[in-house]
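Taking it in order: structure first as structure tokens, then the write-up.
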Amino acid sequence: MSVNLQTPIDYLKGVGPNRADLLRKELGIHTYQDLINLFPNRYIDRTHYYKINKLQRNNADVQVIGKITGFKEVAQKRGKRLVATFQDETGTMELVWFRGQKWIRENLKLNKPYVAFGKTNWFSSKFNMAHPDLELLEEHEKNLRSGMQAIYPSTEKLSNKGISNRVVGKIMQQLFIETGGKFTETLSENLLSELKLISKKDALFNVHFPKNQKLLSKTQYRLKFEELFYIQLQLILKNLIHKSKIKGFPFEKVGDYFNSFFNDHLPFELTNAQKRVLKEIRADLGSNAQMNRLLQGDVGSGKTIVALMSMLIALDNDFQACLMAPTEILSVQHYNGLLELCNSLNISIKLLTGSTKTSDRKKIHESLENGELQILIGTHALLEDKVRFKNLGLAIIDEQHRFGVAQRSKLWKKNTSPPHVLVMTATPIPRTLAMSIYGDLDISIIDELPPGRKSIKTVHRYDKNRLNVFRFIREEIDKGRQIYIVYPLIQESSAMDYKDLMDGYESISRDFPMPKYQISIVHGKMKPADKDYEMQRFIKGETQIMVATTVIEVGVNVPNASVMIIESAERFGLSQLHQLRGRVGRGAEQSYCILMTSHKLSNDSKIRLETMVKTNDGFEIAEVDLKLRGPGDIMGTQQSGVLNLKIADIIKDNDILQSARFYAKKILQSDPALSKQENHTILNTYRQLSKYKNIWNYIS
Ligand SMILES: Nc1ncnc2c1ncn2[C@@H]1O[C@H](COP(=O)(O)OP(=O)(O)OP(=O)(O)O)[C@@H](O)[C@H]1O
């Protein structure tokens, strides 16, 4: 190509030193390449022309073809305004200027066809357009911007400094004239033809000058695909390198434990999503590589059974398995649940937590080391050095948000070779984000709830409606249901929060007196044994109301509980609210979630509450959370690069991301080193990637 894209922007015809300075300072555009990469942030559809008799009031972005038949000046409070009569074959309207009259009168030509573009107003029984964007029809037709007009970021702000959107459009046009618009392709022939993608050079032209919406959509698809494809390629390569370096135990067979459970003891039919995820896990376990999989499922979607059945495969292959949960309550619950499910399978399962007695602890350690113990469930007590397995084949970690990566790898080190790892989370991370960030994990998603679940009715109530809420609680208890009332205790040590909880407990005890009503209370300051005792009373149905802090947030399963009341709901984050709500709606009865707040709510709190009221879908909630808090915040650390997208939107372009990931995977599966001739372009582009860090910096 003849024109070097690194040419400074000053050399482009129509730019000049002043504009060049502004472009550099205001938009960071130094070279031709920077200019091409200034992608529009929106478009105005200029493919349609209105007739004057079809105009409507306050129509923005309207264009009309007509002729100026005369001018008049109209006196107003301060100065004069210039009014032109603008006419087409269907009627007459006015074009109005409040400044620049002299220039306009001298330069506009009477009775020549013009295109007037702007917003319509209705004034003195006539339509008018103030300060229209006017262009002679014959010039307009030559103009590349006559289809979908690109609007560039910041140009609206900068227009009085001399870089209006129109100016950027014009110099962009000039750039394509000077370069001939011939840019090197960056995707392979195969991808282009299989996905029917438009070429790079067409995409770059059309992103700036699309003729119509259809072409624009194709263009955006191609560029977004490319951006996401190369990010996925990088992530998957990382994953492949991990897999080729770290060997796992191949679980070759599915044996008696699994089959007997599946055929004779499964308490319900698995959902299709559960079956699909199990297949994915089985495939991993059967391969030679070490499984490193993230299992995402909304609250109550049935992850536990998937975890158990995966553990049974480990047992079938004479390996041990462990399940680690973030809290004592959860570990106990998992333990009891699994004991019940495995009742007739003759498996040895034990629980190890901070409160396990020393003598029991010793026995557990021994039986783990000699291999008698097959499944160990517990809290981070599992990570202690004394806990040594004979042959740990599968480690399942529930709620990975609470365990850091370092802790995960500590589990690995419990063997000479690392066990397979399955990380389960009930706090859905938006799919897009998960795919972009967990380069080292494969992802399975249970996106279906067990049949027959009624969606939880969620309402927002102010404190002053408390009496009504209490009446509702009484009615539900009379029907035999149980109630959670949760108080924010963001930090377990916060004295004020603790006082709120205790005050709440007292007032509830007054309104729901013994002996008719029995109340449990659980909070972080209690001894584990007391907590467990209170929890068990509620689980067994001996108490009807559970007053608690967020210790019950994850995983607690009491199907008879049908009402979740969240006090000071504005103080909780979205995913936490969703988690709490997930504690009800686990049985067949209609369940309710009542979000109590005071009147003073910030905008973000309002959005959080509205979202909760509107939807039960954890993934949708995660998306809103992502928008409110930003990806960096959600993941704890800013994963720069991966999330620094120029054209794709991590929230909206999920489908494209899936496809990009699929093809990146497919290509790497058949050609991991990208050495085949057909992947030459991809390899080349990929190499540039590591050099420039950003795929948009290597257009040539
Ligand atoms: N396929 C199914 N059909 C009917 N019930 C099911 C099915 N799968 C799971 N369940 C039941 O649904 C409830 C929720 O399952 P589970 O506790 O495994 O959910 P979860 O995904 O772990 O959710 P959470 O993270 O909120 O605890 C349990 O009572 C379980 O027995």
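The values are calculated or read from the model by the stated rules, or taken from the named source; none is laboratory data. For clarity, every value in this text was computed on a predicted model and none was experimentally measured. Ideal geometry is used to build each Cβ from the backbone, glycine not excepted, and the neighbour counts take in all protein chains shown.
Can you confirm whether K275 is surrounded by fewer than 23 Cβ atoms within 10 Å (Cβ to Cβ), away from the ligand (no atom under 14 Å from the Cβ) and under 27 Å from I236 (Cα atoms)?
In short, no.
Taking the condition in contact with a Leu (Cβ under 7 Å, 6 or more places away or on another chain) and either hydrophobic (A, V, I, L, M, F, W, C) or touching a residue at least 24 places away in the same chain (Cβ under 8 Å) (or both), does T543 pass? Step through it out loud before you land on a result.
On the way: in contact with a Leu (Cβ under 7 Å, 6 or more places away or on another chain): no; either hydrophobic (A, V, I, L, M, F, W, C) or touching a residue at least 24 places away in the same chain (Cβ under 8 Å) (or both): yes.
Here the answer is no, as T543 does not meet what is asked.
Within the stretch 120-142, does at least one residue satisfy the condition of being modelled with pLDDT under 85 and touching a helix residue (DSSP H, G or I) at 6+ places or on another chain (Cβ under 7 Å)?
Within the stretch 120-142 (the criterion being modelled with pLDDT under 85 and touching a helix residue (DSSP H, G or I) at 6+ places or on another chain (Cβ under 7 Å)), the answer is yes, since at least one residue qualifies.
Taking interchain pairs and intrachain pairs at least six residues apart, which have beta carbon atoms under 7 angstrom, with the first residue in the stretch 584-610 and without any contact (Cβ under 8 Å) to a residue 40 or more places away in the chain and the second within 16 Å of the ligand (Cβ to nearest atom) and not hydrophobic (A, V, I, L, M, F, W, C)?
G587/P559; G587/N560
Given the conditions (1) within 18 Å of G393 (Cα to Cα); (2) within 16 Å of the ligand (Cβ to nearest atom), report the number of the one that L266 does not fulfil.
Of (1) within 18 Å of G393 (Cα to Cα); (2) within 16 Å of the ligand (Cβ to nearest atom), only one is false for L266: (1).
Specify which of the listed residues (Q56, Q76) is touching a residue at least 60 places away in the same chain (Cβ under 8 Å), farther than 18 Å from I171 by Cα and surrounded by fewer than 14 Cβ atoms within 10 Å (Cβ to Cβ).
Unique residue meeting the criteria: Q56.
Considering only the stretch 364-372, I want to know if a residue exists there that is surrounded by fewer than 21 Cβ atoms within 10 Å (Cβ to Cβ), at positive phi and touching a strand residue (DSSP E or B) at 6+ places or on another chain (Cβ under 9 Å).
Yes, some residue in the stretch 364-372 is surrounded by fewer than 21 Cβ atoms within 10 Å (Cβ to Cβ), at positive phi and touching a strand residue (DSSP E or B) at 6+ places or on another chain (Cβ under 9 Å).
Of all residues in the stretch 47-82, count the ones that are hydrophobic (A, V, I, L, M, F, W, C) and under 30 Å from F209 (Cα atoms).
7
Specify the residue that is surrounded by the most Cβ atoms within 10 Å (Cβ to Cβ); the eligible residues are those in the stretch 336-360 that are touching a residue at least 40 places away in the same chain (Cβ under 8 Å) and in a helix (DSSP H, G or I).
In this case the residue turns out to be L341.
Pairs under 8 Å by beta carbon, first residue among the aromatic types (F, W, Y) in the stretch 516-533, partner not in a loop (DSSP other than H, G, I, E, B), six or more apart or different chains?
So the pair list comes out as Y517/I477; Y517/I545.
Among residues belonging to the stretch 442-460 that are touching a helix residue (DSSP H, G or I) at 6+ places or on another chain (Cβ under 6 Å) and outside any loop (DSSP other than H, G, I, E, B), point out the one that is farthest from the ligand (Cβ to nearest atom).
H460
Taking helices (runs of 4 or more DSSP H) that do not extend beyond the stretch 520-627, which have at least 1 residues that are at pLDDT 90 or above, within 16 Å of the ligand (Cβ to nearest atom) and farther than 26 Å from N465 by Cα?
Per the criteria, 528-539.
So, of the residues in the stretch 284-335 that are among the charged types (D, E, K, R), in contact with a strand residue (DSSP E or B) (Cβ under 7 Å, 6 or more places away or on another chain) and assigned to a helix (DSSP H, G or I), which turns out to be farthest from the ligand (Cβ to nearest atom)?
D284
Scanning the stretch 56-106 for residues that are outside any strand (DSSP E or B) and polar (S, T, N, Q), which turns out farthest from the chain's Cα centre (by Cα)?
Q76
Across the stretch 161-177, what is the total count of residues that are touching a residue at least 60 places away in the same chain (Cβ under 8 Å) and either assigned to a helix (DSSP H, G or I) or surrounded by 20 or more Cβ atoms within 10 Å (Cβ to Cβ) (or both)?
Number of matching residues: 9.
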